[in-house]
Amino acid sequence: MALQQQLRLVFVGLSLATQWACAQTVELKKPKAKVDVVVSPNPAAACWQHKLYGRTAEAVSCFTKLQGASDPLARAESAWGLERYQDAVYQFQEAVKAKPTDITPRIRLGTLFRQRYQPKDAGELLGEALELDEKNTDALLEMARVAGENYDRKAVEMVKQALEINPKLATAHELLAKLSAEESNFALATEHAEKALALLPQSLDAMAVLGAIDLLQERPNTTWFEKALKINPAYGEAYNIGGELLILNRRYNEGIALFRKAVEIRPGLWEARARLGINLMRLGKEEEAYKELSATYEAGYKSFPVVNTLRLMDSYKNFQTFRNSRAVVRLHKKEASVLEPYFTSEMERIMASYDKKYGTSVSGPIQIEVYPDHEDFAVRTMGMPGLGALGVSFGPIVAMDSPSGRKPGSFHWASTLWHEMSHVYALSITNYRVPRWFTEGLAVYEETAASPDWGDRLDPPTIIAIRDKKLLPVAELDRGFIRPSYPAQVTVSYFQAGRICQYIAQNWGYPKLIEILRDYGQSKKTPEIFQARLGISPEEFDKRFLPWVENQNSKIVTGFKDWQERLKTVVTAYRAKNWDIVQAEAPALRDIYPEYVEAANPYEMLYEMHLAKKDQAGAMAELKRYSKAAGRDPKLLKDLARLEEESGDKRAAAATLKRLLYIAPAQDEELHRRLGNLLLDEQDNLGAVREFRAAVASKPVDLAAAQFALAKAYRAAHQTDNAKDALFAALEAAPGYRPAQKMLLELTSSEKE
Amino acid sequence: MTPLLVALSLATSHVVTVAGLGGEPDYEQRFAAHAAEIEKLLKTDADAKVITLSGAGATKTALVNALQQVGRDAKLDDSFALILIGHGTFDNTDYKLNLPGPDITAAELAPLLDRIAASKQLVVNTTSASGASLMLLQRPNRTVITATKSGMEKNAPVFARYWVEAMRDPAADSDKNETVTALEAYRYADQKTVSYYETQKRLATEHALLEDAGSGDGARAPSPENGKGQLAARFPLVRLGAAQKASLSPEKQVLLKKKEELEISIDKLKYQKAAMPAEEYRRTMQALLLELARVQGAIDK
């Protein structure tokens, strides 16, 4: 996935997709004053045991017997066991009312809510249960499951808390095994799975985790799934758990194969069927995906991911697809004609570059999906760890935000595309075996390798992380992506991974990165690879790398607090138009932290200062610095282009506007028009045609002028027929348009001659 | 569309612009600046009689007096435009334009406008909640434009900014006849307003409307299909460059007349486009456009 500085706080919107993500945040409240808490035993415990171990007839009979029980808790369990979920919820609520200090109905209803995709309600009930008894291990574990579904670090903490209370809780070890496997910490996962089995030899979920670990560690002949199925032949959940762990480790095809097995064993396992459908969709197998998801929905399993994915797939009719032998680009119809030339040509450029750098090409076409509505893109990343901010790749399929899906200047689409395409190559070369930290690091590195002003800038949370020595050892860096322990850790981990690749490239050469990548493809592990390729252990690497990073950024890291304070003073002066203070103070702030190009940056303040003092040259020089430092505000870049043009440097002006094409090419007719004119002046006639075509496609207010400009460019490019078409369109919109009339007369007279 | 430059060359355009209360200095300055710019742009036309009320002088009494003055001066052939800038409010009963001292309601404005004889009238209400004034101000032969679709859109609109921009940006003259009509200005300002909210990734809090049929709701996108925009297309708001000069040059009248006839033919052909074979349409249109270009060339000589 690609991230950018301005977008670190995603998932704050209001869509269903984002509600899903937000709803699972877990907050523990302080326990209430002591009351006489009751912990009723589960009246249907025996029925659930029958169900867990595949004794279906006994389970149904057992649950049926409880239907007429006087205890609402028993009736609730009965309804749940017989899959009458609404009735179960009602009965649980009755049970809560009947015994307000009984913790069990709350935990059980919370569990039902979690399983029936209502994590927010689940979290609230479990929170209430823990308020009554903070040491209830059932409540802690269930709350951990809610947190775990959102990759919240608190999940691990809560399981550990439960184990402190009762170290012999097999279910806690099962859960910890699964959480550790999600982080690719297979040693720890194995340890906990084995502990679970030692405590409960029939622990089916522990077996499923061990089976998944075997597959992830290239032991395809694992017998763990068979062992689980021997105990319960209908336990499709084993493959469901395994499939999810493979997907989280980006082994998409193998994960899908396990979901298929899960569904085969138990066709009514809708959670597995939903995951099958969603992952088929991720891999572009849309017909089958739609079929599976529709069946899931029709069966009443209407989770947010299912509903939103179906909704997204229904919207595909609004997209237009462009194909060539190596790439399929899917763009929304409303912007396809503007964006297609840029995306297609950038894809060609990327593939030419990566084919050479990585020494191979990706087989089969690579599909790029570009979503103008961020919520549609969010559906694509739903249920995945980390922040699916801007782009995501699922093997040869890349989904990303459109440049129009973000505030102009806040998103560098080309940088994101290079990032995601690096993943496509890395996943292909390693057959999906590359660890997350390395593929992300390489992708971040490739962004700035493509152009120094691309990629993410050093941001304040990362400065603080470096200062507070929060960077992770390289061997543990995956954890920072999957289950962050502080809010900014994902973005900090992107930075760190990128810098690690930069450090390796600088000290051992870029080809070493590709060698490492290929080693991962052979399922080698980081310590072995580092020793063989770099000649040092990961620990030794950390000892060299971490001081290097600190040293590289020492100026801002040591002076960050002071910089913040001084910036406040300069901003106050800037707002008061006290230009002398801005002139005196801002340059030093700019030079201490040159990568800071966000709101209230020194470059912009100095630019305004120069303008106020009528110093055009100074203003232009400042904006050049801003652009070089990766400033991306379209207004400022357009100002720079104007100043460059006014100073007679049209080539520089065109270069500045070309840079803006990689940032905000959509919804900006002015950009294309201005650039088209500059290119026409430079006699880059085909470039001018491209820009004026984009201007026309941008649905300008002045369509006639845009069509006429296009006609001029076509004429300059000696494409007379196209020029006539564009001229006709211009005059059709504005019959009295004098310059167009003049060209019409000229073309007519030259035809006669 | 038909510019009607010949007919209008003898008529006077009366324009009253009001910049109401801003509430905050920032808004106050912005409103006054918009009004001043409108005045500057309109005063380049010798046939325009422009009254601008802003700041402390923009009182209800001053506005009533101004409208009564136009009522006395304007003739049937004249055009009249009222442009309201500022804050408007709607309390589920009355729309009010906020002015220093007592406010004025839409119900009070309507009879004052009705007493103006000018056969072509335009009201551009760019205030918040302006949509609530539309029904009260509409009348046959009057175009009413509001920045909001109802009285419930209460945030300060950006429409006024783009309306002023339309009056000075040649790009607003989409048919390049050197006259920006009310319809062209509306489309320009509306498109820019929509784009503003889209690019800023903000929820749009204003949706402009145009009503010129004298009844019914306003239209977001005026077109022959919804029966809106025909009158607005014939209301010249600003004349640019040569058209203005041409309108003042009697010796060009014959050529201008021919040009106008050709433009009418082109307009008619456009309406027939859907019902014609594409090739025939293109051939006929090309011939008309070429002839128009030649006539224009003669005018320019």
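For the range A:26-137, what percent of Cα pairs sit more than 21 Å apart? Before the final figure, lay out each step's value.
Details: 2244 of 6216 pairs.
Beyond 21 Å sits 36 percent of the P(r) for the range A:26-137.
Over all residues in A:705-714, what is the mean tally of Cβ atoms on other chains that come within 10 Å of each residue's Cβ? Mind showing how you got there, number by number?
Values: counts 5, 1, 0, 1, 0, 0, 0, 0, 0, 0.
For this peptide, the per-residue mean of nearby foreign Cβ atoms is 1.
Arranged from highest to lowest average of other beta-carbon atoms within 10 Å per residue, in what order do the peptides B:127-134, A:458-465 appear? Walk me through the intermediate numbers first.
Numbers: B:127-134: 27.5, A:458-465: 20.4.
For the peptides B:127-134, A:458-465, the packing ranking is B:127-134, A:458-465.
Which percent of the accessible area of the range A:353-509 is formed by carbon and sulfur heavy atoms (probe 1.4 angstrom)? Before the final figure, lay out each step's value.
Numbers: 1980 of 3970 Å².
In the range A:353-509, the share of accessible area belonging to carbon and sulfur is 50 percent.
Mind listing the phi-derived Karplus ³J(HN,Hα) values for the range B:283-288, rounded to whole Hz, using 6.51, -1.76 and 1.60 with θ = phi - 60°, and x for any glycine or proline?
Couplings: 4, 5, 5, 4, 5, 5 Hz.
Can you give me the relative contact order of the range B:5-243 as a percent, contacts being Cα pairs under 8 Å and 6 or more apart? Mind showing how you got there, number by number?
Numbers: 544 pairs, mean separation 41.2, N = 239.
Dividing the mean separation by the residue count of the range B:5-243 yields 17 percent.
Using a Förster radius of 51 Å, what is the FRET efficiency between residue A:635 and residue A:718 based on their Cβ-Cβ separation? Nearest 0.05, please.
0.90
Restricting to bridges with both residues inside the protein assembly as shown, how much of the DSSP beta-bridge set is antiparallel, in percent to the nearest 5? Don't jump to the answer; show the numbers that get you there.
Values: 22 of 58 bridges.
Bridges in the protein assembly as shown are about 40 percent antiparallel.
Only protein chains counted, 1.4 angstrom probe. Which residues of the range A:737-752 are at least 10 Å² less accessible in the assembly than when their chain is isolated?
Buried by the other chains: A:737, A:738, A:741, A:744, A:745, A:748, A:752.
Just need log10 I(q)/I(0) for the protein assembly as shown at q = 0.07, 0.08, 0.09 Å⁻¹, Debye formula, equal scatterers on the alpha-carbon atoms, no solvent, rounded to two decimals.
These q points yield log10 I(q)/I(0) values of -0.80, -0.98, -1.14.
Just for the Cα atoms in the range A:137-260, what are the lengths along the principal axes, largest first, rounded to whole Å?
37, 28, 25
If I model a spin label at residue B:298 and residue A:512 as a point 7 Å from the Cα along the Cα→Cβ vector, what separation in nanometres do I get?
Each label point is offset 7 Å from its Cα along the Cβ direction, giving 8.2 nm.
Just the number please: accessible area per residue for the range A:86-239, 1.4 Å probe, all protein chains included, in Å². Walk me through the numbers on the way to the answer.
Values: 6240 Å² over 154 residues.
Roughly 41 Å² per residue, with all protein chains present.
Translational diffusion coefficient of the range B:122-217 at 37 °C, 0.692 mPa s, Stokes-Einstein with Kirkwood Rh over Cα pairs, in µm²/s as a whole number. Don't jump to the answer; show the numbers that get you there.
On the way: Rh = 13.4 Å.
D = 244 µm²/s.
How large is the direction-averaged shadow of the alpha-carbon convex hull of the range B:249-300, in nm²?
Numbers: hull surface 13.7 nm².
Average of the hull's projected areas for the range B:249-300 equals 3.4 nm².
For A:60, A:338, what's the largest-to-smallest order of accessible area, 1.4 Å probe?
Working: A:60 75, A:338 10 Å².
Ranked from most to least accessible, the order is A:60, A:338.
Mean-square fluctuation check for chain B, GNM, Cα pairs under 10 Å: which of B:232, B:56, B:35 is largest?
The residue with the greatest mean-square fluctuation here is B:56.
Give the accessible surface of the range B:5-243 per residue, rounded to a whole number of Å², with probe radius 1.4 Å and ligands, DNA and RNA excluded.
Values: 9290 Å² over 239 residues.
Value returned for the range B:5-243: 39 Å² of accessible area per residue.
Please give me, ordered by residue number, the trypsin sites (Lys or Arg not before Pro) of the range A:150-223 that lie in loop per DSSP and have at most 12 other Cβ atoms within 10 Å. Please report the intermediate quantities before stating the final value.
On the way: sites: A:153, A:154, A:160, A:168, A:178, A:195; in loops: A:153, A:168.
Qualifying residues, ordered by number: A:168.
Quick one: pull the percent of accessible area on the range B:249-300 belonging to carbon and sulfur, 1.4 Å probe, ligands and nucleic acids left out. Please list the in-between numbers first.
Numbers: 1760 of 3050 Å².
With neighbouring chains kept in place, the figure for the range B:249-300 is 58 percent.
For helix B:253-272, report the angle its Cα long axis makes with the longest principal axis of the Cα atoms of chain B; keep it between 0 and 90° and round to the nearest 10°.
The helix B:253-272 is inclined about 80 degrees to chain B.
For the Cα atoms of chain A, what angle does the longest principal axis make with the long axis of helix A:602-612, in degrees from 0 to 90, nearest 10?
For A:602-612 against chain A, the angle is about 30 degrees.
Show me, for the range A:333-342, the HN-Hα J-couplings you get by feeding each phi into the Karplus relation (A = 6.51, B = -1.76, C = 1.60, θ = phi - 60°), rounded to Hz, glycine and proline as x.
Using θ = phi - 60°, the values come out as 3, 5, 10, 4, 5, 6, 8, 3, x, 6 Hz.
Ranked highest first by average number of other Cβ atoms within 10 Å, how do A:266-278, A:577-589 line up? Each step should come with its number before you reach the end.
Working: A:266-278: 22.4, A:577-589: 16.8.
Order by mean packing, descending: A:266-278, A:577-589.
Work through the residues other than residue B:118 whose Cβ is under 14 Å from its Cβ and net out their charges, Lys, Arg +1 and Asp, Glu -1. Write out the running numbers ahead of the final one.
Numbers: positive: B:49, B:72, B:75, B:115, B:120, B:139, B:142, B:234; negative: B:47, B:73, B:77, B:78, B:114.
Residues near residue B:118 contribute +3 overall.
Provide the FRET efficiency to the nearest 0.05 for the residue B:215-residue B:76 pair, computing r from the beta carbons and using R0 = 30 Å. Don't skip to the end; give the middle numbers.
On the way: r = 22 Å, r/R0 = 0.73.
Result of the calculation: an efficiency of 0.85.
Residues of B:293-301, mean number of Cβ from any other protein chain within 10 Å of their own Cβ, rounded to a whole number?
Numbers: counts 13, 4, 2, 7, 4, 0, 1, 3, 0.
Whole-number average of other-chain Cβ neighbours for B:293-301 is 4.
Ranked by accessible surface with a 1.4 Å probe, highest first, in what order do B:41, A:623, A:188 come? Intermediate results must be reported in sequence, preceding the final value.
Working: B:41 40, A:623 0, A:188 65 Å².
Ranked from most to least accessible, the order is A:188, B:41, A:623.
Compute the label zone of residue A:748 within the range A:716-739: residues whose backbone N is under 19 Å from the point 7 Å along Cα-to-Cβ.
A:720-739
I want to verify the translational diffusion coefficient of the range A:321-551 in µm²/s; compute it with Stokes-Einstein, Rh as the Kirkwood radius over Cα pairs, at 37 °C and 0.692 mPa s.
Details: Rh = 18.2 Å.
Roughly 180 µm²/s, to the nearest whole number.
Using the alpha-carbon atoms, what tilt in degrees (0 to 90, nearest 10) does helix A:634-646 show relative to the longest principal axis of chain A?
Helix A:634-646 and the main axis of chain A meet at about 20 degrees.
Using protein chains only (no ligands, no nucleic acids) and a 1.4 Å probe, work out which residues of the range B:150-182 have their accessible area cut by at least 50 Å² relative to the chain alone.
B:176
To the nearest 0.05, what FRET efficiency results for residue A:38 and residue A:90 with a Förster distance of 25 Å applied to their C-beta separation? Don't skip to the answer; put the middle values down first.
Details: r = 21 Å, r/R0 = 0.84.
Efficiency, rounded to the nearest 0.05: 0.75.
Using just the helices of the protein assembly as shown, give the 222 nm mean residue ellipticity in deg cm²/dmol: DSSP H runs with n ≥ 4 each add -39,500 (n - 2.57), and the total is spread over all residues, rounded to 500. Please report the intermediate quantities before stating the final value.
Values: 49 runs with 626 residues, N = 1054.
Calculated from helices alone, the mean residue ellipticity at 222 nm is -18500 deg cm²/dmol.
Put one equal scatterer on each alpha carbon of the range B:9-133, apply the Debye formula with no solvent term, and list log10 I(q)/I(0) at q = 0.09, 0.11, 0.20 1/Å to two decimals.
-0.23, -0.35, -1.12
For the range A:639-729, what is the convex hull volume of its Cα atoms per residue in Å³? Numbers along the way, then the final one.
Working: hull volume 7.3 nm³, N = 91.
Per-residue hull volume (Cα only) is 80 Å³.
How far apart, in nanometres, would the label points at residue B:267 and residue A:613 be if each is projected 7 angstrom from Cα along the Cα-to-Cβ direction?
With each label placed 7 Å out from Cα toward Cβ, I get 5.7 nm.
Would you please give the residues with an amide H less than 5 Å from that of residue A:369, counting only those at least 5 places away or on a separate chain, with H modeled from the backbone geometry?
For residue A:369, whose amide H was placed from the backbone, the distant partners under 5 Å are A:330, A:398, A:399, A:400.
By how many nm would the segment from residue A:564 to residue A:522 lengthen if fully extended, with 0.36 nm per residue of separation less the alpha-carbon distance? Each step should come with its number before you reach the end.
Numbers: separation 42, 0.36 × 42 = 15.12 nm, distance 4.72 nm.
Full-extension gain reported as 10.4 nm.
Sort A:409-416, A:553-560, A:314-321 by the packing proxy (mean of other Cβ within 10 Å over each peptide's residues), most packed first.
On the way: A:409-416: 24.5, A:553-560: 16.5, A:314-321: 12.8.
For the peptides A:409-416, A:553-560, A:314-321, the packing ranking is A:409-416, A:553-560, A:314-321.
Tell me, what does the Kirkwood hydrodynamic radius of the range A:318-448 come to in angstroms if you use every pair of distinct C-alpha atoms?
Values: mean 1/r = 0.0674 Å⁻¹.
For the range A:318-448, inverting the mean 1/r across all distinct Cα pairs yields 14.8 Å.
If you take the accessible area of A alone plus B alone and subtract the pair, what total do you get in square angstrom, rounded to 100, with a 1.4 Å probe? Display every interim value, and only then the final one.
Details: alone 31740 and 14200 Å², together 43480 Å².
In total, chains A and B hide about 2500 Å² from solvent.
Can you work out the Karplus-derived ³J(HN,Hα) for every residue in the range B:205-214? Use 6.51 cos²θ - 1.76 cosθ + 1.60 with θ = phi - 60°, whole Hz, and x for glycine or proline.
Rounded to whole hertz, the list is 10, 8, 9, 6, 10, 10, 9, 9, 9, x.
Quick one: work out the % antiparallel among DSSP beta bridges in chain B, nearest 5. Let's see the in-between values first.
Numbers: 12 of 37 bridges.
In chain B, approximately 30 percent of DSSP beta bridges are antiparallel ones.
Any idea how far apart residue A:532 and residue B:284 come out in nm if each label point goes 7 Å out from Cα toward Cβ?
7.8 nm
Which residues' amide hydrogens lie under 5 Å from the amide hydrogen of residue B:143, considering only partners 5 or more residues apart or on another chain, with H built in the peptide plane?
Counting only residues 5 or more places away or on other chains, the set is B:121, B:122, B:123.
With all protein chains present, calculate the accessible area of residue B:93 using a 1.4 Å probe and round the result to the nearest 10 Å².
For residue B:93, the solvent-accessible surface is approximately 100 Å².
Viscosity 1.567 mPa s, temperature 4 °C: Stokes-Einstein D of chain B from its Kirkwood Cα radius, in µm² per second?
65 µm²/s
The values are calculated or read from the model by the stated rules, or taken from the named source; none is laboratory data. Worth saying up front: this structure is predicted, and the values here are computed from it rather than measured. Quick reminder, even Gly has a Cβ in these numbers, built from the backbone with ideal geometry, and neighbours come from all protein chains shown. Just so you know, the surface numbers come from the protein's heavy atoms only, side chains and all, with ligands and any DNA or RNA stripped out. Shrake-Rupley method; radii C 1.70, N 1.55, O 1.52, S 1.80 Å.
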